[in-house]
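Since the structure comes first, as structure tokens, the remarks are kept for the end.
The values are calculated or read from the model by the stated rules, or taken from the named source; none is laboratory data. In this text, all values refer to a predicted model and were calculated from it rather than measured experimentally. Cβ atoms come from the backbone with ideal geometry, glycine included; neighbour counts cover every protein chain shown. With ligands, DNA and RNA removed, areas are computed over all heavy atoms of the protein, side chains included. Shrake-Rupley method; radii C 1.70, N 1.55, O 1.52, S 1.80 Å.
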Amino acid sequence: MSNVDSQRRVLSGMRPTGRLHLGHLHGVLQNWVRLQHEYECFFSIVDWHALTTEYDDVGQIRQHVRDMAIDWLAVGVSPSAATLFIQSQVPEHAELHLLLSMICPLSWLERVPTYKELQERLSHKDLSTYGFLGYPLLQAADILIYRAGLVPVGSDQMAHVEFSREVARRFNHLYGGEVDFEERAQAAIGRLGKKTAKLYSGLRKAWQEQGDGDALETARALLKEQQNLTLGDRERLFGYLEGYSRVLLPEPQALTAKNARMPGLDGQKMSKSHGNVIGLRESPAEVEEKLSRMPTDPARVRRSDPGDPQRCPVWQWHLIYSDAGCQQWVQEGCRSAGIGCLDCKRPLIEAINQELSPIRERALDFEDNPELVRSILAEGAERAREAARETLVEVRQAMGLTYR
Ligand code: TRP
Ligand code: SF4
């Protein structure tokens, strides 16, 4: 039985697309930097996932992986707090992917919304491949191999996390059997104490007989509160709610950040494909130049024309970077034509350069020291492999693959 506390484990992955930008910083990385001090975090550069769509253009992967690693390190994702690694350096992910492929119905993969969407969006490519169809299953393996309970992702990834939950449930259902389970579970209930035991049994019944989802949630919360349960009993009682005896692969949950999504220079979501980004390693001059060219409320043709911040992407950035005083200055100055757009952008140029300055510096250090980056990733892969192997031993055993 596993002694991993999956509620304290975090896994996330990012496809290596090269250098990162402010959208990554505000949308994802700041969140990771916070999480790494509160949880046991695994962060993976998922190069195999890159191959699912870029199999015909592999020349850049290496550089993209390096750049991504440097940017993670530069923003403060720390190898002493978290485990940073390249997916393909932990081949255990591939074995779990293979084993899970045995039990994953094709129809589950075909109905994941991103499958058709992305195929249509990238219609210039042939994505009728086995690897691309299996994308969400590989992602499920990434998560389940660490028994990570929490997966910080953007809202676009919710369907993939939900899919991972279904795969975990099916796996547990098929292989989570234990002899004498009923007796063991009843004995564990006996150890809950009279009041709690009665509550648990009632909630379990409401879930199993009436499908009452609230009762299931309440029962889970109740178990979480129990201080003096052994891990074995805890897992048994979690499983007993669902009708299987052991939670071999705990169901992960998405952890969506509340962060404002970072708009790009044109007000659309910041994304490399929109050409509206500010890169984390861009120079102060580049930042200034890009902001100067940033479009504003089209009503302000002349300096003397009043404007409306609501119609201006620059205002969206003031909401992220400026304090209340500065925001008021913008609102009044814009509407009365008291300030020009370049005046309005000044404090942002300042704030962004201040934010990027330490990141640029650290990135330079890592750029100058590729050996250090390589060894951080190698050590990360070693640590990740240890955790992954623990799960695989149990998975192989559960699936009958033991020959000793
Ligand atoms: N599919 C994710 C994305 O495109 C990347 C990813 C791969 C991932 N494996 C993961 C994210 C595991 C979270 C957990 O953003
Ligand atoms: Fe936008 Fe500021 Fe110009 Fe108003 S003054 S239009 S908010 S840049």
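Assorted remarks:
Condition check ((1) over 30 Å from residue 91 (Cα atoms); (2) within 16 Å of ligand 1 (Cβ to nearest atom); (3) not assigned by TED's automatic domain parsing to the domain that holds residue 168) across all residues:
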{"site": "293", "(1), (2), (3)": "yes, no, yes"}
{"site": "299", "(1), (2), (3)": "yes, no, yes"}
{"site": "337", "(1), (2), (3)": "yes, no, yes"}
{"site": "350", "(1), (2), (3)": "yes, no, yes"}
{"site": "387", "(1), (2), (3)": "no, yes, no"}
{"site": "392", "(1), (2), (3)": "no, no, no"}
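- Any hit, the stretch 341-363, residues being touching an Asp or Glu at 6+ places or on another chain (Cβ under 8 Å), within 15 Å of ligand 2 (Cβ to nearest atom) and free of Cβ contacts under 8 Å to residues at least 12 places away in the same chain: no
- Residue check for residue 281: surrounded by 15 or more Cβ atoms within 10 Å (Cβ to Cβ), more than 30 Å from residue 196 (Cα to Cα) and among the charged types (D, E, K, R): yes
- Every residue from the stretch 369-404 that is open to solvent by 60 Å² or more (accessible area, probe 1.4 Å) and not in a helix (DSSP H, G or I): 369, 401, 402, 403, 404
- Residue check, residue 374 of a type outside the set (Ser, Thr, Tyr), within 30 Å of residue 327 (Cα to Cα) and away from ligand 1 (no atom under 16 Å from the Cβ): no
- Positions within the stretch 242-265 being surrounded by 21 or more Cβ atoms within 10 Å (Cβ to Cβ) and assigned to a helix (DSSP H, G or I), in sequence order: none
- Any hit, the stretch 313-320, residues being within 36 Å of the chain's Cα centre (by Cα) and not in a helix (DSSP H, G or I): no
- Top-ranked residue of the stretch 33-54 - restricted to ones that are open to solvent by 30 Å² or more (accessible area, probe 1.4 Å) and within 16 Å of ligand 1 (Cβ to nearest atom), ranked as farthest from the chain's Cα centre (by Cα): 54
- Of all the criteria given as (1) open to solvent by 20 Å² or more (accessible area, probe 1.4 Å); (2) assigned to a helix (DSSP H, G or I); (3) of a type in the set (S, T, N, Q); (4) at pLDDT 95 or above, the one not satisfied by residue 119 is (4).
- Output for the stretch 32-54, where each listed residue is part of a helix (DSSP H, G or I), without any contact (Cβ under 8 Å) to a residue 12 or more places away in the chain and not basic (Lys, Arg): 54
- Residue that is farthest from residue 18 (Cα to Cα) [pool: residues in the stretch 74-87 that are open to solvent by less than 10 Å² (accessible area, probe 1.4 Å) and assigned to a helix (DSSP H, G or I)]: 87
- Checklist (1) under 22 Å from residue 252 (Cβ atoms); (2) at pLDDT 95 or above; (3) open to solvent by 10 Å² or more (accessible area, probe 1.4 Å) applied to residue 27, failing item: (2)
- Every residue from the stretch 175-201 that is open to solvent by less than 40 Å² (accessible area, probe 1.4 Å) and farther than 14 Å from residue 243 by Cβ: 188, 189, 192, 193, 196, 197, 200
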